[in-house]
Amino acid sequence: MAEETPGQAAPRPLPPGLDLLWGRRERGRRGPRPGLSAEAIVNAAVRLADAEGLEAVSMAKVAAELGFTTMSLYRYVASKEELLQLMWNASAVGAEELVIEGPDWRTQLRAWAVIQRDMLDRHPWITQMPMAAPPVAPNSLHFVERGLATLDETGLDDADKLRIIGLLSSYTLSEARMANDAARAAAAAQAAGDGSSGPPVPFDSLLRELLDEQTYPRLYRIAWAPAAATVSERDEFLWGIDRILDGVAVLIERTRQGRSG
């Protein structure tokens, strides 16, 4: 068996969806339907997911959206699982042309994280998708490449750069998922008319209702502290990003000192 070398890895089978995205799968032999294409199918699925959530996406509903039969779609997309892969890739379209500007690595990397969060807010259904492994669709990897580029001048090892990108992505996805879950829960309560459709009860108000000072002295103190200015979810997200970047700055300095010493 021939050894793999960088840039010359031996071809191997890819999971359904990825083989199509990376050009590893031959086109079907059945003739195309006028007005129908894989791109049109994916775009229709994204529109449905944006409007109604991931649970609204099915091959039948996408076919109805396009005015074709369900079986027509299978000429271009083999399954719903494959469609999800294609949708994920479509959500990051344009990543290969992304230019991130800023005077230093921190400004650029912060902007990169904000771009990712904005994308998740535009397509909140992404937070509902199963994520057993990091995404490896072409557009997703273009976006990772742009993130790595912000760290070019830091002196960090490549492995550490990739860990930083993964940490920021995990945090951003987690925050977006919680925000999306809260919005979905509020919408569901309003639709059900169960009387709980008002704004969510603030965390400190719940603590005041539930805690006693003897059992939870620290949380009690936080709950009954003088009211501070309301902090938006976006500001809380950015506070977390900045603290992660604080840690990256320490790692960069430690790495530089280690090499100079």
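Bear in mind these aren't lab numbers, they're just calculated from the coordinates by the rules spelled out. From a predicted model like this one, the values you see are computed outputs, not experimental measurements. Cβ placement follows ideal geometry from the backbone for every residue including glycine, while neighbour counts extend to all protein chains displayed.
Computed with the Debye formula from one identical point scatterer per Cα of the stretch 44-174, without solvent, the log10 of I(q)/I(0) at q = 0.18 Å⁻¹ comes to -0.98. Percent of Cα pairs in the stretch 14-91 per distance bin of 10 Å, from zero to the largest separation: 19, 56, 24, 1.
The GluC sites (Glu not before Pro) of the stretch 126-184 that meet both conditions, a loop assignment by DSSP and at most 14 other Cβ atoms within 10 Å of the site Cβ, are E153. With the simple spin-label model, which puts each label point 7 Å out from Cα in the Cβ direction, the D246 to A188 separation comes to 3.6 nm.
Got a sec? Which residues in the stretch 98-133 would a label at R254 touch, if it sits 7 Å along Cα→Cβ and we count backbone N under 20 Å? The answer is 105-106.
Residues V42, V62, arranged from fewest to most other Cβ atoms within 10 angstrom of their Cβ, appear as V42, V62. Helices meeting the span-like rule in the chain (full DSSP H runs, Cα extent of at least 15 Å along the helix axis, mean Kyte-Doolittle score of -0.5 or higher): 38-52, 80-91, 138-149, 158-192, 233-260. Taking all Cα-Cα distances within the chain, those exceeding 35 Å account for 35%.
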